[in-house]
Each structure stands twice: as structure tokens, then as C-alpha cells.
């Protein structure tokens, strides 16, 4: 199991456990974390599971594919689709920030 | 509301007390606003799963599921539910193609989406930005000084439809004809009309395919003709299925949402004023209106027996996946009958799971640009109190007119 912390826009933080091999989006959906929709269930289409990866962690996240990049309009390179971040032992303790809205 | 439907033959696995009439059945028409009472009354009065003898296109039975959580589970479950035959257009005319990608199951579906998703990402759509804004502006310039208009006719139809026609490189001057076919396909219960419209659309695209094979262009039909899955090209049936899918998906749904959004703003001047004062609220407002007015229903076919809501779905049963009901489920949404711009909720407006609407980034962009421009260009508008608005029910819930007045 690996640990992920979701920080809401108001600073409230929730830590959840997820099995390695599952995505950060699944961790959020399994634990009813507000603000992560995941409408398409992780097939890299809807872009409703965006998170901003904490600066301390971004270097450890594998680079995004072209398809993922083309779904994110944000200029901030730390913004990623959480369905594309698969949990590994190296990511245990990961911190991600939830946006105020997935729909803007 | 709680009326049991008169039926002669109910299958033995259907408990008789779950047989219901369903007010949203294709071909029904209402002069009321179905989102004000009808939808919420279904949630108040009906069981979580019920059986309707005539809700599947063509007047045959299907289960209706109204809970958000059950519907999301169906969307995610391709072991028990198949999308094949969710829209029986090909079957009606004796053809064998399926909608691409909406009528394909995994793994073929995933290959189609891998091919198509890159065409509809926000970054890919950037090149349409200027075009979308220009079309909106041009249409608004045409009616803004008139003081009154049927918003459906002057904007809600021509705005999204001209963009889709452009993507397919179909002639803009045939828009009225195409929209008539669209109406026959999606809002008409006369099966002969559905068949005729299906033949018209298929005939149109067979011609276009012939022409684009000879002279390929930068359009989606040419794209499909040249696309590869692995080392194979798409078959003619697959290209027809793709074009047909774009035709029924692209020509009606944004129109529908535009109609509802401007009817809502016309009837709620205080909410309209809020968006005029603070246009930054527009994306969240659109998200909430997409929830409240989720208009579309599709169908699944049961391919493996499963229990849901205390009943057994048998192999071959049809199940209606009604986004309208799921997006207004009071177990999922607090006071769903209220439009709250700051709700920021995930709804079923674009479906859920692997079949989540391919065009939703384009739809959101069009809706956002439309609202930014319309609120900037038109003075506060309201509904014409003299006019009666009729609404078509069925697979897409759409008002036939949105009579606005302003100034």
C-alpha cells in the first residue's frame, strides 16, 4: 500500500491508502475525495481528474504522454491528470493539490 | 404519476408492480417544463428500477434505472452490459454497421477511441477557437437589434451545427435539410420517418466518402477514410458508423443545451444578472446547467444476468441509461431541483466511463464562448410571456422554441 495526500483549495488535507499499481484518480474516487471527478474512468479523455502535483514530488512522476499534455490547458507544468499517475513504492507519501474546479 | 401502464405481455421475471408508464418516452410532447416537476416527480414516486413496456425506440420494453450510483455502475460494467444496438438505426434499414465509437464494446471501442481522442482534446481544438468565436459573433450580429427572436432558430441550431458541418466539410446551405433528418432520427416516433432519415444520412455519407476518396481533404470524413488501426484501415461500415455517430451526436446535443440554458437565464433574471456582473462564474454555471438539464438517454443490452435494485436483468433485456434522471438523483445531489452555480458537481451530462462523450471539450468550449458573447452583446433578456413552448421528450429532451425578448 502507498499513501497519497490530497490538499483541498482551503488547505484541508486528507491522506488515503492505495494499492500500488492503481492510479491517484482511483485513490480519490475510492475514498470520495471531493474535487476529483474522473468522468471517463481513466481512459485519458475527459480531463476531469486534474491535480497539481506538489513541487517536492513532481520530479519523481514519470513524464506525461502527448495525449495527456494535449488535454491540459493549464500553463503550470505541475498540473497532471491523476488517472495517469500510477502509484509505485517511490511515490509513497505523494502530495497533490486539488483544483477549485475541474470545469474551467 | 404513479400510473401502471396497460400491457398485455409482461415477461415472468418482471414483477408486475414495477411496470410503469414513463413520461419521458420518445414521441411524447409536453407544454410544461419537464425539468421543473416531471423529472423530480419520477424520483419521488418511482422505485429505483422499473420496467416500461414501450420506452425503447420502436415501442418495445426496457428497464429504466434512475439512481446516479446504479447508472455509473452500468456505464463502468462491460461484462453484463453491451452498448451494441443502443440505437437501432442500422437495424431499422437492414444494414449491419454499428455506431463508431458509441456502438462498439471493448476492446474494439478502445482502439477507436485511441484513434479519435487526439482529434478532440482541448489543444487539438485550439485551432477552432477563432472560428467558434467568429460564428457566434456573426449570428449574434444578425439578431441583436431585433428585440425578439426564437433563440433556438437564430442561434442554438446554427451555431454548433455550422461548426460540425465545417468539421465534416458538408455544405452549410443544406443545414435546414440536415436538421430535418436529425429531427426525424431523434425526435420522431414514426418508425417510417426514422427509417427514411437513416437512409438519407447513410446515402449522404456514402456519396461524401466516394468524393473524399478521390479528393481527400482536411475533414473528419477524409480522416476516417485514411485512418489506421494497427495496420488495417477502417471498413466502409466503420466509416459510415463514425459519420453517423458524429451526425447524431454533433448536430443536436449542444443545440439542446443552449436552448435550456437560455430559457433558464430568461426565466431567472437574478441568475442572469449574476453572470453579467461576474463572467468568471460562467464555466461553473455551465457545468451546473449541464447537470440540471442533462438531456440524453442511451440504452444498454444485458449480455449476462445481473441483479440491480432488487430485480433480475435477463440476457437480452434493454436498459435505459437516462442521464436526465441520474443527474437529478436526490441521493447524489442535495436539492437537485435547485440550480446552484457554485455546486461544481460531477454529473452524467456527458455520460461516464469509457463511452464518456468524445466531443465534450468542444461542447464546453462552444457553450462557454456562446455565453460570454451573448451576455456581452445582448441586453437582459426574458421569455416572451405570450408564447407557448412545446418540448419533445425521448432520447434527447429538447424545447421546440425559446422565444426571447429584450430591450
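The values are calculated or read from the model by the stated rules, or taken from the named source; none is laboratory data. Just so it is clear, the model here is predicted, and its values are computed rather than measured. Neighbour counts are summed over all protein chains in view; Cβ atoms, including those assigned to glycine, are modelled from backbone coordinates with ideal geometry.
Details
Condition check ((1) more than 13 Å from chain A (Cβ to nearest Cβ); (2) within 21 Å of the chain's Cα centre (by Cα); (3) at pLDDT 95 or above) across all residues:
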position: B:87; (1), (2), (3): yes, yes, no
position: B:103; (1), (2), (3): yes, yes, no
position: B:117; (1), (2), (3): no, yes, no
position: B:122; (1), (2), (3): no, yes, no
position: B:135; (1), (2), (3): yes, no, yes
position: B:141; (1), (2), (3): yes, no, yes
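- Test result for residue B:74, farther than 30 Å from residue B:206 by Cα, out of contact with any strand residue (DSSP E or B) (no Cβ under 9 Å at 6 or more places or on another chain), in contact (Cβ under 8 Å) with a residue 40 or more places away in the chain and crowded, with 18+ Cβ neighbours inside 10 Å: no
- Residue ID - nearest to residue B:119 (Cα to Cα), chosen from residues in the stretch A:48-65 that are within 14 Å of chain B (Cβ to nearest Cβ) and under 11 Å from the mean Cα position of the chain (by Cα): A:48
- Selection of strands (runs of 3 or more DSSP E) fully inside the stretch B:261-331 by the criterion of at least 3 residues being crowded, with 19+ Cβ neighbours inside 10 Å returns B:297-302, B:318-322.
- The residues listed here are A:14, A:8; of these, the one that is within 14 Å of chain B (Cβ to nearest Cβ) and either under 9 Å from the mean Cα position of the chain (by Cα) or surrounded by fewer than 20 Cβ atoms within 10 Å (Cβ to Cβ) (or both) is A:8.
- Considering the stretch A:80-104, and only residues there that are part of a strand (DSSP E or B) and surrounded by fewer than 19 Cβ atoms within 10 Å (Cβ to Cβ), the residue that is farthest from the other protein chains (Cβ to nearest Cβ) turns out to be A:95.
- From the list A:38, A:11, the one residue that fits, being in contact with a helix residue (DSSP H, G or I) (Cβ under 6 Å, 6 or more places away or on another chain) and assigned to a loop (DSSP other than H, G, I, E, B), is A:38.
- Residues in the stretch B:201-218 that are surrounded by fewer than 16 Cβ atoms within 10 Å (Cβ to Cβ) and in a helix (DSSP H, G or I): B:203, B:206, B:207, B:210, B:211, B:213, B:214.
- Residue check, residue B:188 under 26 Å from residue B:297 (Cα atoms), out of contact with any strand residue (DSSP E or B) (no Cβ under 8 Å at 6 or more places or on another chain) and not in a helix (DSSP H, G or I): yes
- When residues of the stretch B:340-380 are limited to those that are more than 12 Å from chain A (Cβ to nearest Cβ) and in a loop (DSSP other than H, G, I, E, B), the one nearest to the chain's Cα centre (by Cα): B:340
- Residue B:129 more than 30 Å from residue A:42 (Cβ to Cβ) and surrounded by fewer than 16 Cβ atoms within 10 Å (Cβ to Cβ): no
- Number of positions in the stretch B:78-107 that are in contact with a strand residue (DSSP E or B) (Cβ under 8 Å, 6 or more places away or on another chain), surrounded by fewer than 20 Cβ atoms within 10 Å (Cβ to Cβ) and not in a loop (DSSP other than H, G, I, E, B): 1
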